[in-house]
Every structure is written in structure tokens, then in C-alpha cells.
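Here's the structure, in C-alpha cells; my notes come after.
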Amino acid sequence: MRSLFRAAAVAAVAIGVCGSAHAQDYPTRPITLVVPYPPGGGVDAMARVVAEKLSGVLGQQVVVDNRAGGSGLVGTRIFIKNAPDGYTLFLGHTGSISINPSLYANAAFDPRKDFAPIGLIASMPVALLANPAFPAKTIGDVVAIAKKEGAKFNIGTSAVGTGGYLSAELFKSITGVEAAIIPYKGTGQVMNDLLGNHVPIAFGVLPPALGNLQAGTLRAIAVLSPQRFSLLPDVPTANESGLPGFESVLHYGVLAPAGTPRPIIDRLNAALRALVDTEQVKQRILAEGGDPMTSTPEEYAKDIDAEETKWGTLVRKLNLKVE
């Protein structure tokens, strides 16, 4: 029996030494960055910023691999089956990591167990957007109008399960309004109907709306973040606009499969911090509608836990589970 324990201990030490050696050499070949959405969206845009600059920092090419389908579930399920060697990474955000596991009954992954968080790279607030003809100037005004109109009042959002959609559900839950949520297949369709005044307001991320906001063809009533958004400094937060505690911010970060050696996680975290701290990357993230941010792996893990708890509680409270 002692010989068995001794053999196991020797094997464990050998594996640890081998893992450390691999980590010291890492990376020695190209890295794949999985995006569980199609090209052209906000997550894909963030991934391409990271891939381009991470390639320079690490000295190896980082290739974006779009694995779209199932509101992000297809790519996520494929990713977690990869070897934990640091050569397949994941560009996650609040929707894919912290909303999907609670919203979809068949999500088939655990955000706390199936990933090794590396670090956050950006935050992107959801905003309450309006057609310029809509009379409300604050969220307090919106609540008053929505309560008066009841179920006849329409709120546009992107698809069920997205940050915009759940923000609308959270808005209804907090305020008690009986408005009808109109989910669209894509953010572009939401913006078109908002521009055409087919829906008076919408909850959505800012990148698809920035051009129209700057042109005055759309209006931002509030951003749902603790602080004002850097590109729209004159737009108040929900706290400032009449609805304290109403926050919805999507966080973007890079993850590895669970079991990835800590030295590799630390190497990647340091690389992410270095690239996000450069002025060029900061400006690229701002241009995509986000604010740059960095974190330790532990801070990112806490963020995932807090966001899943927040949105999971809402999903269960409103029985929003999707089969």
C-alpha cells in the first residue's frame, strides 16, 4: 500500500513539473479564440481586438473561431470539451456565461466549474433608448407613461435571453409596469423600428445606436451602469434619472477550459492587462461601445458568480426558463 501511495506521489510531482515546464515555454504554437456568435456582432468585435493585439504580446498568432448557434450555446458546449492547455480560449460575456446557464434548461454547462477565468477586458452598459418624438426625458417619466398605458405600451429589445431583453424584464419587475416586451431577432431590427417610431423605447447595447445618437435621430434617456458612459458623458445613469438600483452592464472577458495550469492563466492575464492598458486598445474598445477594464482571474470568477446569481434569480422569479 505504501508503495502505491509513493508511486502516486511521484506521478503527481512529475505531472506538476511537466505542467510547469510547458507553462514556461507557453505558447509555442497558434492559439484559437472561440466566439460563440457569428462575425460582425459586439462579442466578435471585442474578440478581434483581443486576437490582434494578443498575438503581438504572446508572439504567436491568435485566430478567432466563430462557432455560432443556439444563442451562444453551441460554441460554448464545444469549447468546454477542449484540452486545458491554453491553446483554445473563449471570448465570453455576460450573456453567454452568466445568463444562458439559468435561462436555458439544456445549457449543459456550469459557469463556475467548466471554465478557468483569465481576466476581464471591457464593460458595455445597456441603455434605454428612445425615438426623439417620445416625450419622456427621464426613466421616471418613462415609468409614469408606461403605467398609464399599461399593456398597450411597447418596449423593443433584441432576442429573448440577451442583455437587452432581460434588462426590459428587470425594468418591469422593479417598476411593476405592465408593458409588452417586443423581442426582435437582431439589434439592427430593433434600431430600425425605433427609428421608425414603431416602438417608442428600447433597451439595448450602444454600438448599433451610436451613429444615430450622434446624429440626433435617436435619443438615450439613461445608461444602466453605475457611472456615466465615457462616449455619452451627458447621458445620466438610471440612478440619476429616477430609478435607483437599476443596473445592467455586460462584461467581456477571456476564459480557458477548467483545469488549465495556473502559470498559463497568469501568463495570459498579464498579457491581457498589458494590451488593455495601451492607448490604442482603449480607443478600439471605446469605438466598439465599451469601456476598458481589467481584473485578476479571481475577480473575474467573482463577477461571473455575481452576474449569474443576479440574472438567474430574475429568470426563476419570472419563470423565463427556455426549453
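The values are calculated or read from the model by the stated rules, or taken from the named source; none is laboratory data. The structure displayed is predicted, hence computed values, not measured ones. Cβ sites come from the backbone with ideal geometry, for glycine too, and all protein chains shown count toward neighbours. In case anyone asks, the SASA skips ligands and DNA or RNA and just uses the protein heavy atoms, side chains included. Shrake-Rupley method; radii C 1.70, N 1.55, O 1.52, S 1.80 Å.
For the chain, modelled as a GNM with alpha-carbon contacts under 10 angstrom, which of Val126, Val74, Val35 fluctuates the most?
The residue that fluctuates most here is Val74.
Give me the percent of the accessible area of the chain that comes from carbon and sulfur atoms, probe 1.4 Å, all protein chains in place. Walk me through the intermediate numbers first.
Working: 7690 of 13960 Å².
Solvent-exposed carbon and sulfur of the chain make up 55 percent of the total.
Taking the DSSP beta bridges in the chain as the whole, what percent of them are antiparallel, to the nearest 5? Mind showing how you got there, number by number?
Working: 24 of 40 bridges.
Of the beta bridges lying entirely in the chain, close to 60 percent run antiparallel.
Using only the Cα atoms of the stretch 248-293, construct the convex hull and provide its projected area averaged over every direction, in square nanometres to one decimal.
3.9 nm²
Would you calculate the volume per residue, in Å³, of the smallest convex hull containing every Cα atom of the chain?
Details: hull volume 43.4 nm³, N = 323.
Spread over its residues, the Cα hull of the chain gives 135 Å³ apiece.
Using alpha carbons only, what's the Rg to Rh ratio of the stretch 34-75 with Rh from Kirkwood? Show your work: numbers first, answer last.
Numbers: Rg = 10.9 Å, Rh = 10.5 Å.
Dividing the radius of gyration by the Kirkwood radius yields 1.04.
For the stretch 146-288, with every protein chain kept in place, what is the accessible area per residue (1.4 Å probe, Å²)? All intermediate terms of the calculation are to be shown ahead of the outcome.
On the way: 5910 Å² over 143 residues.
On a per-residue basis, the stretch 146-288 sits at 41 Å².
Among the listed pairs Lys185/Lys321; Lys148/Lys321; Lys113/Lys282, which have their C-alpha atoms separated by more than 23 angstrom in this model?
Numbers: Lys185/Lys321 18 Å; Lys148/Lys321 29 Å; Lys113/Lys282 31 Å.
Check vs 23 Å cut-off fails for Lys148/Lys321; Lys113/Lys282.
From the mean inverse distance of alpha carbon pairs (Kirkwood) and the Cα radius of gyration, derive Rg over Rh for the stretch 45-113.
Working: Rg = 13.1 Å, Rh = 13.2 Å.
Ratio value, two decimals: 0.99.
If you add up the charges near Thr237, with Lys and Arg at +1 and Asp and Glu at -1, over every other residue whose beta carbon is less than 10 angstrom from its beta carbon, what do you get?
Numbers: positive: Arg228; negative: Glu240, Glu247.
Its environment carries a net charge of -1.
If one computes the Cα centroid of the stretch 161-240 and of the stretch 108-123, what distance in Å separates the two points?
Their Cα centres are 26 Å away from one another.
Around Thr278, what is the net charge, scoring Lys/Arg as +1 and Asp/Glu as -1 over all other residues with Cβ under 12 Å from its Cβ? If you can, show how the numbers build up before the last one.
Numbers: positive: Lys53, Arg273, Lys282, Arg284; negative: Glu52, Asp277, Glu279.
Net charge in that neighbourhood comes out at +1.
What number in nm² do you get for the stretch 169-323 if you take the convex hull of its Cα atoms and divide its surface by four? Don't jump to the answer; show the numbers that get you there.
On the way: hull surface 46.2 nm².
Here the figure is 11.6 nm², rounded to one decimal.
For the stretch 65-161, report the convex hull volume of the alpha-carbon atoms normalised per residue, in Å³, without decimals.
Numbers: hull volume 15.6 nm³, N = 97.
Once divided by residue count, the hull of the stretch 65-161 is 161 Å³.
5 Å is the cut-off here: which amide hydrogens, built 1.01 Å from N in the peptide plane, fall below it relative to Val64, excluding neighbours closer than 5 in sequence?
Leu33
Helix 42-58 versus the longest principal axis of the chain: what is the Cα-based angle in degrees, 0 to 90, to the nearest 10?
Its long axis makes an angle of about 30 degrees.
Calculated from DSSP H runs of 4 or more alone, at -39500 (n - 2.57) each and per residue, what is the 222 nm mean residue ellipticity of the chain, nearest 500? Provide the component values of the computation, followed by the final result.
On the way: 11 runs with 137 residues, N = 323.
Rounded to the nearest 500, it is -13500 deg cm²/dmol.
Quick check: convex hull of the Cα atoms in the stretch 87-242, volume per residue, rounded to a whole Å³? Walk me through the numbers before you get to the answer.
Values: hull volume 21.2 nm³, N = 156.
About 136 Å³ per residue, rounded to a whole number.
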